[in-house]
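What follows is a set of notes on a single structure, which appears directly below.
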Amino acid sequence: MEGQWLHGSNTRCTPSQGQHGALGPYTAGSSSSASGPGCRRCPGGRQSRVLHREHYGFLETMAPHLAGKALVDLSNNLKKDMYPEANAAYLQRLVPGAAVVKGLNTLSAWALQNGLLAGKQVYLCGNSAEAKRAVAEMSTKLGLTVLDKGSLSAARELEDFPLQLFPEWRLPLSVAVGLTAFFFFYLLIRDVIWAYVEQGKDISYRITVSLGNKVFPIVSLIMLSLCYLPGVIAAFLQLYRGTKYRRFPDWLDRWMLCRKQMGLIAMGYAFLHAIYTFVTPTRYSVQHKLISLVVDEMKNNKTTPFYFDNTEAWAQDSFYMLGILGFFLYALLGLTSLPSVGGSLSWREFNFIQSKLGHLTLVICTTHGYLYGWNKFLRPSTYKWYTPPGYMLCLIVPSVVLVLKALVILPCVDRTLTRIRQGWERTQPREEMCKATNL
Amino acid sequence: MEGQWLHGSNTRCTPSQGQHGALGPYTAGSSSSASGPGCRRCPGGRQSRVLHREHYGFLETMAPHLAGKALVDLSNNLKKDMYPEANAAYLQRLVPGAAVVKGLNTLSAWALQNGLLAGKQVYLCGNSAEAKRAVAEMSTKLGLTVLDKGSLSAARELEDFPLQLFPEWRLPLSVAVGLTAFFFFYLLIRDVIWAYVEQGKDISYRITVSLGNKVFPIVSLIMLSLCYLPGVIAAFLQLYRGTKYRRFPDWLDRWMLCRKQMGLIAMGYAFLHAIYTFVTPTRYSVQHKLISLVVDEMKNNKTTPFYFDNTEAWAQDSFYMLGILGFFLYALLGLTSLPSVGGSLSWREFNFIQSKLGHLTLVICTTHGYLYGWNKFLRPSTYKWYTPPGYMLCLIVPSVVLVLKALVILPCVDRTLTRIRQGWERTQPREEMCKATNL
Amino acid sequence: MEGQWLHGSNTRCTPSQGQHGALGPYTAGSSSSASGPGCRRCPGGRQSRVLHREHYGFLETMAPHLAGKALVDLSNNLKKDMYPEANAAYLQRLVPGAAVVKGLNTLSAWALQNGLLAGKQVYLCGNSAEAKRAVAEMSTKLGLTVLDKGSLSAARELEDFPLQLFPEWRLPLSVAVGLTAFFFFYLLIRDVIWAYVEQGKDISYRITVSLGNKVFPIVSLIMLSLCYLPGVIAAFLQLYRGTKYRRFPDWLDRWMLCRKQMGLIAMGYAFLHAIYTFVTPTRYSVQHKLISLVVDEMKNNKTTPFYFDNTEAWAQDSFYMLGILGFFLYALLGLTSLPSVGGSLSWREFNFIQSKLGHLTLVICTTHGYLYGWNKFLRPSTYKWYTPPGYMLCLIVPSVVLVLKALVILPCVDRTLTRIRQGWERTQPREEMCKATNL
């Protein structure tokens, strides 16, 4: 074990070109580590010996020469579960005398060669501590941060890393896409098709901007409230069970695990809503409407044409103010979701931001929604084809979440919940005893 | 000391629920580390034995069994300074034979169980290097990054970590809130109340948006200049003292330490100012004013109604351009304040961004402020009730900072300052000698 | 070697004051590490002994006392290549018996003293592993993350770190400045000067905002396409050569290395373009034009004054929608460029974002550009002085990139390229043999 490992990252494909090569281990002479990531073309054919998993079998014949040496498997597969066992485990089985280390498979040769990897975290696993230390030392010299993932049984996990594609974003994205599609078609029918059928007007140009600017805030508010709904459900479940020592149901656990992603998607939609709002006054149709208003006004020669409605001004300005504050808080929540910012917060700070400021954001955005429809609520013309407008539908979930949250923070409920979360249990004296006596 | 530690994070409350349990140490059989964060309910009552600090006393009876074992204290208190000594120190006193390690108290069981902790930094302290290494190894296996904080005397510091709530933000936030309140009431009196008293007009709707859009830029500019004021004060202090080897007064040190936070608050206010500006043209009152202008114009049938004022167009467009550039630079400064971005900059780069670009931002935003009032300065109607308008007040501090900074970068002053900062001292030959001879 | 190192960071200048002191090594008694960063003023003249490189010579006389001790050189120079050898190498030559460790030179004493360095990465290098370990241990206790850069021959690299000023941004910034200048003058001539010469109108006020809002999107789109051009050039080069094992030409390598910076500059310009657009409706000249339109309309008393053009509304709203989506994707790409976000993505995720979403952004922004000029293309008035408008020029590069990219992803081409990138070579059987036989 004299620092001999297999080095092959210099033949990996470039990261910008979307290919995963199924790269196998390299064997190398005792000086391979010194040659480092510079050798790309193996002029004498000495160093760059690529082996795909399919050809590992051939290494069996080399087993005697490899005995006692560290063998780095940096191969990747083209898709998950292609083979019954991990490449590295297979290699170890073929060459039992060598110390196989799985790792560095998440690096690209091109980035390595160009020094783009400073501080990047890489994973290693293997059964030989000595071999892992040798590989870790080399990696550290390359500027990488090494994380030991344990024995070779973790190799499959490491081989799956480069194949992951946002697993934790799947559920939130599906919810977002579903809600977007539903509200898009709902509003398309209520606005554009209704106007065409009932009034014979073609306002189809509204599909691109006006409709978007209704769908985005609606989905944003619902997604934001879906962030905070599992928290109150969990609280009520704990209150009902009288203990915190029972696992939540799986669906609730999964839901709670993707709250961050839900919040970020909600922020993305809020961002789109904000920009759509900002460009509104420059739109042709909006300017046309404004001009038509003036011209009609003049032509009809009304005497008191432009009564300034103070209530309307108050309502609309408050509506804007709440929207802006809500967006500001959204941005703050998003900022603290960044790994580097969130990681530098203490637990209490993170909790303050994500729970206190998060609920404040929900309150402000919900009020923003209520203010939008404050004077349209009782107007019959609001209910085209007997359907409620979109903003009413989107206020249901947030209102429910806020009412439930208000119940949870009532002093009497809060006290019980705090005791439960500190370990107190209501109806299970056996368990309490277990704790007191079993030490 | 065969890798036996106390493992109890699986009964911590979830991070989303705002509770700090006062959790005590766990004792565990020799296999506790293997059971890991999966066991939540201790079916046989064997592993999950929670002890609050109040019950530590009972561990005294166990002392013989714990001798020579690593004992992890992951307890937290509900508030600071609840007890005269740190929980871990108290525990060590009770069980002198065990090797108490304080740490992992900043983790939540729920996050640990769900693998949300990859790369999170945790702190350890303890008197036994061996015990610390054992705990550090386990933590590394869990994907945590361990930072050794030294002997057990650091335990109190670790116990205070989860209770911190933005200590470094207190002073900047107080200043910001104070300035905001002052300017809000000042402008409320000058604008809304003045109009009501003197002209009998109710323009109270302006409170939400118009007033906000005056207060935010004012406070933003003042906060930004307060970022750069301590730097020039420090420079003048060094020039006056003729040395850099004397401590700054405490108030200046504290001020310099919260410059980053002041800058970020200034950026937040600038962000609000920008959004308020963007929504302005969609506001009811603004559109009403525009329409009224046209209608009045038409009714009165003026002949040359809309003379295009080229100077006005130039001034206003320059005003916007400077505002946009200033906001862009603000965003750039904010970006480089992110830990992950700032950390990847070299010292000279960071200095270039935060000092050169920072002062440029101040120059641009101050000019933006001057341009706002360029043609209102000498109009008597500007001075309602003999008070200057808000934008004039807010230009005082930035102007002073820029003048002082201009003095500092004068070649002759700059040369002296550079020498002082390289270690040269003006009037203290004794010190110079001390350096030359004392080696 | 009993943990004795030289400790001098407490006399470094503060990072806010833009000075690099040429600081030399400190010698210290055996207790210097304990005194730590607290001592600033050396009351008894015992510890803070600053030595600039110029005075290193004097250490030669101390050599016997320093033998076997670790000597930390934390000096910096005022500019690159001031001296023929690194300060640390010079020091080692002077005191051959001591174990010189270069490092910590990127820290500032002020930040160190105020605890602002938690987690900051520092570099060490030196020939003695033992001395490096001692310094690394002390650094870890200070909360720093240490990265060993190898032997003392790396000292020059470490000394150059604090002097770097965005080396990887030079090329992209030059391209951006060049393009900006070219398009600024091109549009200045076509718009402002043309109007003055041909129509006698002074529209010079447009320089600040209108012109900027043309230059920024143009340069942004070109920079974005320049991000993706080297990728397709590389693909065609690999197809032509039939192998991936030959180095790209240097200019292509350099270009590929600054794609991230080019993308970020493109994003900055897109950001400016967005804000310029948002403030457009509040501008004096825009409002003046709107009002003039209405007034002229009324005065001339046309009968069908405001025909609503449905096609125009569709085109303009689609134009806005694409612009907003493009900007949103830009923001997403920018977010994943943050070190902390990008670092937490798997290779496939990063590739998905930067390649798939990146090309989608380019498609959307290019379509945004085409829609801008959809109905002006064939109008003769578009070609003032026989020159094409700016938006036409800026569409050339993106269109070429997209056509080339479309060719690359044709199934037949893509298949060959994938094989090449997996290691297959077309015309070099000798090499294949080399691989098969040489193990």
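The values are calculated or read from the model by the stated rules, or taken from the named source; none is laboratory data. Since we're looking at a predicted model, the values are computed, not measured. Don't worry about glycine lacking a Cβ; one is built from the backbone with ideal geometry, like all the others, and counts go over all protein chains shown. Heads up: the accessible areas ignore ligands, DNA and RNA and are worked out on the full protein's heavy atoms, side chains in. Shrake-Rupley method; radii C 1.70, N 1.55, O 1.52, S 1.80 Å.
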- Name the pairs whose Cβ atoms lie under 6 Å apart, with the first residue in the stretch A:277-293 and closer than 17 Å to C:Thr277 by Cβ and not assigned by TED's automatic domain parsing to the domain that holds A:Phe216, the second at pLDDT 85 or above and part of a helix (DSSP H, G or I), and 6 or more positions between them or separate chains? none
- Among A:Phe308, A:Phe319, which is in contact with a His (Cβ under 7 Å, 6 or more places away or on another chain) and farther than 26 Å from A:Leu221 by Cβ? A:Phe308
- Message: Which condition from (1) away from chain C (no Cβ under 14 Å); (2) among the hydroxyl-bearing types (Ser, Thr, Tyr); (3) assigned to a helix (DSSP H, G or I) is the one that A:Thr243 breaks?
- Response: (3)
- In the stretch B:257-289, residue surrounded by the most Cβ atoms within 10 Å (Cβ to Cβ) [restricted to those that are facing another protein chain (nearest Cβ under 7 Å) and over 27 Å from B:Leu325 (Cβ atoms)]: B:Ser285
- Task: Might you check whether a residue that is touching a Leu at 6+ places or on another chain (Cβ under 8 Å), at pLDDT 50 or above, surrounded by 13 or more Cβ atoms within 10 Å (Cβ to Cβ) and assigned to a helix (DSSP H, G or I) occurs anywhere in the stretch A:30-40?
- Result: no
- Task: Report those helices (runs of 4 or more DSSP H) wholly inside the stretch C:299-357 carrying at least 1 residues which are within 14 Å of chain B (Cβ to nearest Cβ), open to solvent by less than 20 Å² (accessible area, probe 1.4 Å) and modelled with pLDDT of 80 or more.
- Result: C:310-337
- Qualifying positions in the stretch A:378-407 - among the polar types (S, T, N, Q), open to solvent by less than 40 Å² (accessible area, probe 1.4 Å) and either touching a residue at least 60 places away in the same chain (Cβ under 8 Å) or out of contact with any Pro (no Cβ under 9 Å at 6 or more places or on another chain) (or both): A:Thr387, A:Ser399
- Query: Would you say B:Ala118 is modelled with pLDDT under 85, surrounded by fewer than 19 Cβ atoms within 10 Å (Cβ to Cβ) and out of contact with any strand residue (DSSP E or B) (no Cβ under 7 Å at 6 or more places or on another chain)?
  - Reply: yes
- Item | Meets criteria (within 12 Å of chain C (Cβ to nearest Cβ), open to solvent by 10 Å² or more (accessible area, probe 1.4 Å) and more than 30 Å from B:Trp424 (Cβ to Cβ)) for B:Ser292 | yes
- Task: Could you grab me the full set of residues in the stretch A:78-96 that are surrounded by 19 or more Cβ atoms within 10 Å (Cβ to Cβ) and assigned to a loop (DSSP other than H, G, I, E, B)?
- Result: A:Ala86, A:Val95
- Message: Please count how many residues of the stretch A:408-437 are open to solvent by 50 Å² or more (accessible area, probe 1.4 Å), modelled with pLDDT of 80 or more and within 11 Å of another protein chain (Cβ to nearest Cβ).
- Response: 3
